[in-house]
Amino acid sequence: MLEGVRARLRALARRLRRLERRELEAAVRWLEQTGNLLHLSVLVFVPLLIAAVTWLANATPVISFLLFPPLASGTFTLFAEPEGKYASPGKFVGGMTVGACCGWLALALTAAVGLGGGISAWGAALGVFCTGVCTWALDLEVPTAFSTALLVLVTGNAQVAYVLGIVISSSFVAAAFVVWRDRFYEQRARYLYRTTSGDDHVLVPMTDCEETVARFAASIAGAHDAGKVVLFDVVETVDDEQPDASADGDPDEPTPAERAATDAGRRLESLATDLQSAYDVPCEVVVAADSDLSSGLVLETARAENCDLIVTPYAEREGGGLSSFITGLFEGEIDTIVFRSNGVRRTRWRSGLVAVRGAGDTARAMLDFAIRVTESGRPISVCTCIDRESRRRVAEGTLADLVDAFAGPFETHVVTAAVEDYLARIAPRYDVCFVGSSTDRSAASRFVSPPTFRKLSDLEADVAIVHRGRRR
């Protein structure tokens, strides 16, 4: 009975660990969305920075509580739109400071000509006018400048302390923003996106001796220092194949299956040596004895070899659509790239095109693989297709969020056209085109609009279909 209780407790602990991993995975995927990351940053950093400034205001009379409204709104603008029009630390500090100085000057001028007394309407108008002229001339147009200009009117005799407080507090916020943007936001691909730190160990099922596929996999793995390629093949076994000692001949003579395994091993070892020399990446060989090369066997081998990416040749079933072997790989937890060559035996891919529907997990993976494979220094093209012009601005923002997380030159295209027509037109300009597997779409969506790769059979470029594994 005690053993039964222990077994149930162990089973419960395993379920809880799986649940914890799934929740953590879901949280990371949620954070990978740029909009969600920015919302969380606003909720965390803006209150903390305002709290820090409040502490400074309590500790020193230099910082006035009157600067809090423009400071809070300006801080929100910085963290909510770090790539926006007003997300410049110089403009943030300069605009607020110039606004305060203009308000102070307007207050002094109105008092000098006898138009002061109370909160002067003439002083408010002159302060806003001066702020508009100065910020326009200095290219410091920020909304918070007008707030700091008007708030000077209620500072009494503390204008100097108010302006000094603006400089100190805005500089503090700007410094914190720069650290957050440079060290985290612009490096979020390294911290949050799985492909940029993973997908180093690549398994290649050598069906039909696809050497081009192996070279494509080596290009991906070779981009990371920890990269590795595993070439995997299967030799068919015969159950009743046993050497007969009573028959004529050497009983130690290898069986046909053993000879096939040896030949396959030698062939793969030769290719592995070539890949290691050409792409500067370690390359291993695994040959298994089985009835055929099944998706289950490939996934099992990938787990055993600690591989986090599978690159396999494209294959269709009769009647169209992906073969059962590939769909079986898509049901696993390991990332998969299905590579379809256009017949050109390439060893390098100089230019790449990435076709995306959004800025999600699969799109980031495709962009990361394109960066690894294509020639360094050449811009990578990222495109999305829309069905009407009213969606252009949203699509442009989506592409900007996607490429902003990665280093390197990019060019983005938003096209009002069917994706297959557009890709067929521009494909000859590129060596490889990356598309998603559409496994993250609903069944109804795939039924109404079939996956893009089904329509690209005649594309004049290599095609890499990227699938994100389903983490258990």
- Can you list the HN-Hα couplings for the range 48-64, worked out from phi with the Karplus curve (6.51, -1.76, 1.60; θ = phi - 60°), rounded to whole Hz and with x for Gly and Pro? 5, 5, 5, 5, 5, 5, 4, 4, 5, 5, 6, 8, 9, x, 5, 8, 8
- Query: Can you work out ³J(HN,Hα) from phi for every residue in the range 159-164, in order, using Karplus 6.51 cos²θ - 1.76 cosθ + 1.60 and θ = phi - 60°, giving whole Hz and x for Gly and Pro?
  - Reply: 4, 4, 5, 5, 5, 5
- Gain upon complete extension [Asn36, Glu331; 0.36 nm per residue less C-alpha separation]: 103.4 nm
- Other-chain or far-sequence residues with amide H under 5 Å of Val382's (modelled H): Val354, Glu411, Thr412, His413
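Kindly put Trp122, Trp180 in sequence by how many other C-beta atoms sit within 10 Å of each C-beta, fewest to most. Show your work: numbers first, answer last.
Numbers: Trp122 13, Trp180 18.
Fewest-to-most Cβ neighbours within 10 Å comes out as Trp122, Trp180.
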- Task: Sticking with the crude label model, points 7 Å out along Cα→Cβ, report the distance from Glu186 to Arg267 in nm, one decimal please.
- Result: 5.0
- Message: Could you work out how much longer the chain between Ile386 and Thr54 gets when fully extended? Use 0.36 nm per residue separation minus the Cα distance between them, nm to one decimal.
- Response: 114.8 nm
- Describe numerically, in nm with one decimal, the distance between label points set 7 Å from Cα along Cα→Cβ at His413 and at Ala315. 3.3
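None of the figures in this text is laboratory data; all of them are computed from the coordinates on show. Treat the numbers as computed from the prediction; the structure is a model and nothing was measured. Because the Cβ atoms are built from the backbone with ideal geometry, glycine has one as well, and the counts that use them run over all protein chains shown.
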